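Asks: Please read through the structure below; I'll follow up with questions.
The values are calculated or read from the model by the stated rules, or taken from the named source; none is laboratory data. Please read all numbers here as calculations on a predicted model, not as lab measurements. With ideal geometry, Cβ positions are generated from the backbone for all residues, glycine too; neighbour counts draw on all protein chains shown.
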Amino acid sequence: MKKGFRRLTAITIAFSLMLTGCSLTGGKDNNDDHSGTSGKIESDGKLATNDDAASEASSLEIVIAEDLTEPDFEEIPSSSGQEATTAEVPDEIREKFNVDDNLVMVFFGDSQIANGLSDGTDIPTLVSQKVPYSKAYNLAIGGTTAALELQSDVTEEYDKWTSNCFLGMVKALEGSADRNRVLDGHPETLNTMNQINPDEVDYYFIEYGANDFINKVPLDVYSVGDDSVYETQTYYGALSRGIDKLQALSPNATIVLISPFYAVYFAGDGSYIGDSYITSNGFATLQDYAKKMGNIAEEKGFYILDTMFRSKFDLYLDTYGQYLMDNLHLSLTGRQIVARFLAHIPNTMEDYEPMCYRTTDFVAISQFDPNYYYKVDEELFKTDYPDQYQRYLNGEYLLAQPE
C-alpha cells in the first residue's frame, strides 16, 4: 500500500488517552453484563472508550506512512439503483405497535456502505431487513471523502459543483447542486437519489473517514496552520456543514453517525506497518478522524456507532482477518455485524424492541451467528431493566415478544 514510512515517538495528549481504545483484552460473550465493564457500551453523542487503554497508548509509536492507497478492490455497482420495497402492515399490527409502515432510511458513505449493492448484501439492505416495514436508500460511493477535495475550486455557485464528496451529495439531494453533474458516471446512485423525498426521511446514516485519511484531508482548519484551506475542505468542516444542511432539509429526521472503521496497513512488500491507532498520514491517524467525528456527535447530540474502539465488537489485530476481506474493507460477515448494531437504532427509537437491546449488545466474531436475534439475558433483563422487562412481558414490543 505504501512506498515508504518512518517512525516517530508518539506524543499522546490527554484527549488521546481518554479516547483511545487499543486495549488487548479479548471480546466478551453476547450475554455478558457489560454494565460492569470499563468500556462504555452505549455511545450516544460520544465514542465509547476503554479506560484500560490509557497507559498502553502512551507507549505507542506513530508510523508516518507515505503514499497511502486503498487496497485494490473491484466494486460492482448495482445496475438499477436501489428500488426500495416495503410490506403492507395489517391494521391490527399498526394499531397495537404504532408501526410506521413507511420508515425511510438514507445512507451516505464510501465503499464500506456501497459494497454488496450488486447482490443485496450492502449494509443498508441488511439493516432494512432487520427493521420492520422500512426502506433503505444507499447513496454511498466508493473512494469518496466527507470533505471537498483540496484541488477543487471552492465556490458558492453550487450548480457548478461536480464533487460527490459528502457535502456535494447533500447539496445534490438539497437541489442547490446539479445532481446530474455531481453524479456523472454514477447513474445507479442518481436513480436512487431521484427516489428520495427529503420530507419523508426518518433516518440519515453517515459514514466517512478512511478516504479522508488516505487523501490527507485536514482534520479541521486549526490543523492546517494557515488560511489556505477552506472549512469545507476539512473533515470536521465538511461533515458539520453537510449535517446542518440535512437537518434543515429534513428537520424531523434522526441523524446517526458511523465512525471510521478500524483498519490495518501494510507496505508494498507485504510487511506490517501499523494499524489505525499508530499509522499516520503525516499529521493524523485514522483514530484521530474517528475522534473528530465523535466531537461532532457530542456537540450535536447525535448517536454515533463506534467501529474504531471495540466497544461494540472485537475488530482488532487478532481478529481483523475475520471481519475484513482485506486490511480495510468489511467482509460480508463484517457487514452483517455492523448491520445488526445499526438496526438496533431505529428499532429502539421506534419502540419495536427494548432500549437495553441496543445498549448491551456486543459481538465477539468467534460467536457470531448472522441468524441470531439478540436478546438480553433474562435475569439481567429482569434485574437491571425492570420497566422494560415489564413491557416485554406485556407483549408491547413488536420485535421482542415473551416466549
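Asks: If I ask for residues that are among the hydrophobic types (A, V, I, L, M, F, W, C) and more than 19 Å from V127 (Cα to Cα), which ones from region 171-205 would you list?
Replies: Once the filter is applied, which keeps residues that are among the hydrophobic types (A, V, I, L, M, F, W, C) and more than 19 Å from V127 (Cα to Cα), region 171-205 yields A172, L173, A177, V182, L183, L190.
Asks: Has region 171-182 got at least one residue that is touching a helix residue (DSSP H, G or I) at 6+ places or on another chain (Cβ under 7 Å), closer than 30 Å to T333 by Cβ and assigned to a helix (DSSP H, G or I)?
Replies: The answer is no, given that none of the residues of region 171-182 is touching a helix residue (DSSP H, G or I) at 6+ places or on another chain (Cβ under 7 Å), closer than 30 Å to T333 by Cβ and assigned to a helix (DSSP H, G or I).
Asks: Give me the pairs: first residue in region 172-195 and without any contact (Cβ under 8 Å) to a residue 60 or more places away in the chain and over 16 Å from A114 (Cβ atoms), second residue hydroxyl-bearing (S, T, Y) and in a helix (DSSP H, G or I), beta-carbon distance under 6 Å, and six or more apart or on different chains, which are they?
Replies: If the second residue must be hydroxyl-bearing (S, T, Y) and in a helix (DSSP H, G or I), the pairs left are S176/Y158; A177/Y158.
Asks: Taking region 284-302 only, how many residues are farther than 20 Å from N115 by Cβ and in contact with a helix residue (DSSP H, G or I) (Cβ under 6 Å, 6 or more places away or on another chain)?
Replies: Selection size over region 284-302: 3.
Asks: Taking the residues in region 325-335 that are modelled with pLDDT of 95 or more and in contact with a strand residue (DSSP E or B) (Cβ under 9 Å, 6 or more places away or on another chain) as candidates, determine which candidate is nearest to Y277 (Cα to Cα).
Replies: L330
Asks: Would you point out which residue out of L399, L380 is aliphatic (A, V, I, L, M), modelled with pLDDT under 95 and touching an Asp or Glu at 6+ places or on another chain (Cβ under 9 Å)?
Replies: Details: L380 fails: modelled with pLDDT under 95.
Checking each option against the conditions leaves just L399.
Asks: While we're here: Could you check region 363-403 and list, in sequence order, the residues that are of a type in the set (A, V, I, L, M, F, W, C), closer than 30 Å to G321 by Cα and out of contact with any Phe, Trp or Tyr (no Cβ under 7 Å at 6 or more places or on another chain)?
Replies: First, pick out the residues of region 363-403 that are of a type in the set (A, V, I, L, M, F, W, C): 363-365, 368, 376, 380-381, 393, 398-400.
With the extra rule that they be closer than 30 Å to G321 by Cα, the set shrinks to 363-365, 368, 376.
Within region 363-403, A364, F368 meet the criteria.
Asks: Right, next: Looking only at helices (runs of 4 or more DSSP H) that fall completely inside region 234-323, which ones have 2 or more residues that are buried (at least 24 other Cβ atoms within 10 Å of the Cβ)?
Replies: 235-249, 286-300
Asks: Taking interchain pairs and intrachain pairs at least six residues apart, which have beta carbon atoms under 7 angstrom, with the first residue in region 318-329 and of a type in the set (S, T, N, Q) and the second part of a loop (DSSP other than H, G, I, E, B) and crowded, with 17+ Cβ neighbours inside 10 Å?
Replies: N327/A263
Asks: Are any residues in region 187-214 assigned to a loop (DSSP other than H, G, I, E, B) and surrounded by fewer than 17 Cβ atoms within 10 Å (Cβ to Cβ), and if so, which ones? Even if it seems obvious, please write down each step before you answer.
Replies: Keep residues of region 187-214 that are assigned to a loop (DSSP other than H, G, I, E, B), which gives 195-197, 201-202, 208-209.
Within region 187-214, Q195, N197 qualify.
Asks: Just checking, how many residues over region 196-239 are touching a residue at least 60 places away in the same chain (Cβ under 8 Å), acidic (D, E) and more than 26 Å from N115 (Cα to Cα)?
Replies: Adding up the residues that qualify gives 1.
Asks: With over 23 Å from L328 (Cβ atoms) and over 15 Å from the mean Cα position of the chain (by Cα) as the only criterion, which of P218, P187 stands out?
Replies: Details: P218 fails: over 23 Å from L328 (Cβ atoms).
Testing whether each residue is over 23 Å from L328 (Cβ atoms) and over 15 Å from the mean Cα position of the chain (by Cα) leaves just P187.
Asks: Right, something else. Return the residues of region 333-381 that are of a type in the set (G, A, S) and part of a loop (DSSP other than H, G, I, E, B); say none if nothing qualifies.
Replies: Keep residues of region 333-381 that are of a type in the set (G, A, S), which gives 334, 339, 343, 364, 366.
Hit for region 333-381 is A364, nothing else.
Asks: Just for region 122-153: of the residues that are among the hydroxyl-bearing types (S, T, Y) and either under 19 Å from I196 (Cα atoms) or surrounded by fewer than 16 Cβ atoms within 10 Å (Cβ to Cβ) (or both), which one is modelled with the lowest pLDDT? Steps first, please.
Replies: First, the residues of region 122-153 that are among the hydroxyl-bearing types (S, T, Y): 125, 128, 133-134, 137, 144-145, 152.
Add one more test, that the residue is either under 19 Å from I196 (Cα atoms) or surrounded by fewer than 16 Cβ atoms within 10 Å (Cβ to Cβ) (or both), and what stays is 125, 128, 133-134, 137.
On the way: T125: 96, S128: 94, Y133: 89, S134: 93, Y137: 97.
Top of the filtered list is Y133.
Asks: OK, next. Examine region 293-301 for a residue that is in contact (Cβ under 8 Å) with a residue 40 or more places away in the chain and farther than 19 Å from R241 by Cβ, and state whether such a residue exists.
Replies: No; the residues of region 293-301 include none that is in contact (Cβ under 8 Å) with a residue 40 or more places away in the chain and farther than 19 Å from R241 by Cβ.
Asks: Please go through region 325-367 and give me each residue that is hydrophobic (A, V, I, L, M, F, W, C) and crowded, with 19+ Cβ neighbours inside 10 Å, ordered by number. I'd like the intermediate steps shown before the answer.
Replies: Kept after step one, since they are hydrophobic (A, V, I, L, M, F, W, C), are these residues of region 325-367: 325, 328, 330, 332, 337-339, 341-343, 345, 349, 355-356, 362-365.
Within region 325-367, L328, L330, I337, V338, A339, F341, L342, A343, I345, C356, F362, V363 qualify.
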